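Contents: one structure, followed by commentary.
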Amino acid sequence: GQTADAPVAAMEHRDRALYGVQFHPEVVHTEHGRAVLQHFLYEAAGCRPTWTMVNIVEDQVARIRAQIGSKRAICGLSGGVDSAVAAALVQRAIGDRLTCVFVDHGLLRQGEAEQVEKDFVAATGASLKVVDAQERFLTALAGVTDPETKRKIIGREFIRVFEQAAREIVAEAGEGDEAVEFLVQGTLYPDVVESGGGNGTANIKSHHNVGGLPDDLQFTLVEPLRELFKDEVRRVGEELGLPAEMVWRHPFPGPGLAIRIVGEVTAERLEILRAADAIVREELTRAGLDRAIWQCPVVLLADVRSVGVQGDGRTYGHPIVLRPVTSEDARTADWARVPYDVLATISNRITNEVPDINRVTLDITSKPPGTIEWE
Ligand code: XMP
C-alpha cells in the first residue's frame, strides 16, 4: 500500500511472515485500523481473543491474592474511575485487609471529597480513611510554577501522607509492628507509556502515580490496571457493580487543579478555578453533553491579565480557557464542537459569577499537537 508521500505505507510478505505499517492503526481516527490489527493478530500471528472483562477480573483477583497474601494494603482514592476500580478489585481479593485512603489535598473540584465519602463507600462497603492535607500541599507547592516540578512534589507529598496514614491504620488495628506493605494504585497502561515506562517510548510527562514517585518509596506497589485502557477499566468497573455515575465520570488528573493553574498554585486561585469548573460541569450536564465529551479541563491563566470592562468600570482580570475534548482513550483527542449557545451560557455565567475572570476562551487544538491538560 502506498500514499503520495510514502512509497511503502503498508506491506506484507506471508511466506516470510513480514508485516508492517507506516501509520498508527491503533488510534481511533484511523479508518479500518481495528480491522488491520485484527487481521494481523488472528491471521498472521495466530492469536485468540481470550482477553475478556470477566477473565480480567478473575485473573486479577487471583494475582492480587498471590501478591498480597495475608498482609494489609492501602489504596489511595482520587475520586476518579481508575482508583475506584482498582480499589474495588483489591477489595474483592482481600476484603477488609484493604483500607482506602482519600487525601483531600485541596486541589479537588467542588463536591468531590463529599462524593467519594458517600458514593464509594455505599457502592463497595470498603473502609475509608479521609485525611485533610490541604495546608500541607499548598505549603509544598508555594512558589512553584514548573509543571513537572508540581507533579513530582504532589507525588512525593501523596506518598508521605500515605505513609502516615498506614502507620495510623496499623496502630488502630492494634497489630503491633506489622506495617502496611502494599500500596494499590490505579495506574493505567497509557500512564505507563506516557511516563516513559513502555518499550522505546519518550517521557512525555510524569503521571504522578508512575513517574513522580519518590526514590525512597517504602511500599510495594499493586497496580491491577497497569495493562488496561480506560474503556476496559470502565467495563471492569461495571462488571464489579460500581454505579454508572462513578464508572462514567470524566477523567480527572491525580495532581488535580494544580496542573490547571498555569502559574503558582494559591488558595485564592484554587477558589476561582473551582467556581469556574463547577459552572462548566453544570452547564455541560444540563445540555446533555457529559457523555459525548471525554473531559473538559478548565484552565486558569493565572499570570496573564487583560483589560476588560464590567459595569461602569475597567477591570484587569485573568482569562479562563475551556478545553472540551472528545476522545476514546486520551492518547489522541479532538476539540469538541460544543454548541455556541452552551458556550455562550458558560461564558456569561463565568464572567458574571466568578471574581477576577473577565475573559473566557476556547481551546481548538487537537491532540497531537496539544495535550488534553495544559501543564
Ligand atoms: P494529557 O494532558 O497528557 O492527558 O493529554 C491525558 C489524560 O491523562 C490525564 N492526566 C493525568 N492523570 N496524573 C494523572 O493521574 C497526571 O499527572 C496527569 N496528567 C494528565 C488527563 O486528565 C487526561 O485524561
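Shown here for the range 29-113: trypsin sites (Lys or Arg not before Pro) in loop regions (DSSP other than H, G, I, E, B) with at most 10 other Cβ atoms within 10 Å, of which there are none. Contact order for the chain, expressed relative to its length and based on alpha carbon pairs under 8 Å spaced 6+ residues apart, stands at 14 percent.
Of the GluC sites (Glu not before Pro) in the range 1-96, the ones in a loop by DSSP (not H, G, I, E or B) with at most 12 other beta carbons within 10 Å are Glu31. The trypsin sites (Lys or Arg not before Pro) of the range 264-345 that meet both conditions, a loop assignment by DSSP and at most 16 other Cβ atoms within 10 Å of the site Cβ, are Arg291, Arg305, Arg337. As a ratio to 2.2 N^0.38 Å, the alpha-carbon radius of gyration for the range 53-247 is 0.99.
Ranked for footprinting exposure by Cβ neighbours inside 10 Å, fewest first, Lys367, Lys118, Lys152 give Lys118, Lys367, Lys152. Could you tell me which residue out of Val360, Ser306, Leu41 lies farthest along the dipole of the chain toward its positive end? Charges go on the beta carbon: Lys and Arg +1, Asp and Glu -1, centred on the Cα centre. Value computed over the given set: Leu41. Past the 30 angstrom mark, what percentage of all C-alpha to C-alpha distances in the chain do you count? For the chain, the fraction of Cα-Cα distances above 30 Å is 45 percent.
Amide H to amide H, with H built 1.01 Å from N, Gly317 comes under 5 Å of Ser306, Gly308, Asn358, counting only residues 5 or more places away or on other chains.
May I ask for the Kirkwood hydrodynamic radius of the range 261-362, worked out over all distinct Cα pairs and given in angstroms to one decimal?
Values: mean 1/r = 0.0704 Å⁻¹.
14.2 Å is the Kirkwood radius here.
For the range 81-188, the spread of Cα coordinates along the three principal axes comes to 41, 32, 25 Å, biggest extent given first.
The phi-based Karplus calculation (6.51 cos²θ - 1.76 cosθ + 1.60; θ = phi - 60°) puts the 3J(HN,Hα) values of the range 332-340 at 10, 7, 10, 6, 7, 7, 6, x, 4 Hz, whole numbers, x for Gly and Pro.
Where a number appears in this text, it was derived from the coordinates with a stated rule and is not lab data. For clarity, every value in this text was computed on a predicted model and none was experimentally measured. Cβ coordinates were reconstructed from backbone atoms using ideal geometry, including for glycine residues, and neighbour counts include every protein chain displayed.
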